[in-house]
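Colleague: Have a look at this one.
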Amino acid sequence: MDYGNAMLAGVPAYAISKLQSPLNAAARLAFSLRKYDSVTLLLQQLHWLKVEQRIEYKLAVLVYHCIHGLAPPYLANDLRRVAELGMWWRLRSASTHARSRRSSAAARVCNSLPDVVTASTSLPMFKRHLKAVLCAKSY
C-alpha cells in the first residue's frame, strides 16, 4: 500500500500547481501536443485525476483501509470514529503535528463523500465510485 500522496494533505496551492505541471506534460506527451496546448480535456480523456483530487483519493482510500482493518496499526490507531471517543470535546486538537493535520484532512475528505461512495461494500467498488465522484469534481 502506497500512502505517499496522503502526506501532501495541507500543502499550499502553489506547491500543488508545481506538482500538476509534470502531470500535464505527461498528458501532452501521450497525445503529442505542444507545450502550451490545454490539457483539461486530455486529462479527462485519460481518466487522470488532478493532483488535488489525487490527494483526496489517497486520503479516502487510507481511511477505508483504517476503518476496515486493512491498514497497519500505526496508521489505524491515529484514526478514530467519533462514536469510539469517550467525550465529544476531545475532538478538538491543539496539536500542530503533521499527523493530526493528515487525520483531520482525511476526516474532512471522507465526510464530504456522497453515500454512493461510503456505502460501498468492497475496496474495488469504493475506489471505482470514489474516482467517479472525484473526476466529476475535477472536470
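Colleague: What tally of residues in the range 30-46 results from selecting those that are at positive phi and part of a helix (DSSP H, G or I)?
Modeller: 0
Colleague: Has the range 8-29 got at least one residue that is modelled with pLDDT under 90, surrounded by 13 or more Cβ atoms within 10 Å (Cβ to Cβ), outside any helix (DSSP H, G or I) and of a type in the set (Gly, Ala, Ser)?
Modeller: Looking through the range 8-29, at least one residue is modelled with pLDDT under 90, surrounded by 13 or more Cβ atoms within 10 Å (Cβ to Cβ), outside any helix (DSSP H, G or I) and of a type in the set (Gly, Ala, Ser).
Colleague: Also, I was wondering about something else. Does Asp2 qualify as being farther than 30 Å from Thr121 by Cα and either in a loop (DSSP other than H, G, I, E, B) or modelled with pLDDT under 90 (or both)?
Modeller: no
Colleague: Sort out which residues of the range 75-111 are surrounded by 10 or more Cβ atoms within 10 Å (Cβ to Cβ), at pLDDT 60 or above and either among the aromatic types (Phe, Trp, Tyr) or in a loop (DSSP other than H, G, I, E, B) (or both), and write them in order of number.
Modeller: The answer is Asn77, Asp78, Leu79, Arg80.
Colleague: I've got another one for you. If you go through the range 47-74 one residue at a time, how many are loosely packed, with under 13 Cβ neighbours inside 10 Å and either part of a loop (DSSP other than H, G, I, E, B) or not hydroxyl-bearing (Ser, Thr, Tyr) (or both)?
Modeller: Adding up the residues that qualify gives 5.
Colleague: Further question on the same structure: What about Ala132, is it in a helix (DSSP H, G or I) and either among the small types (Gly, Ala, Ser) or modelled with pLDDT under 95 (or both)?
Modeller: Yes; evaluated as a whole, the condition is true for this residue.
The values are calculated or read from the model by the stated rules, or taken from the named source; none is laboratory data. Keep in mind it's a predicted model, so treat the numbers as computed, not measured. Heads up, the Cβs are rebuilt from the backbone with ideal geometry, glycines too, and the neighbour counts pull from every protein chain shown.
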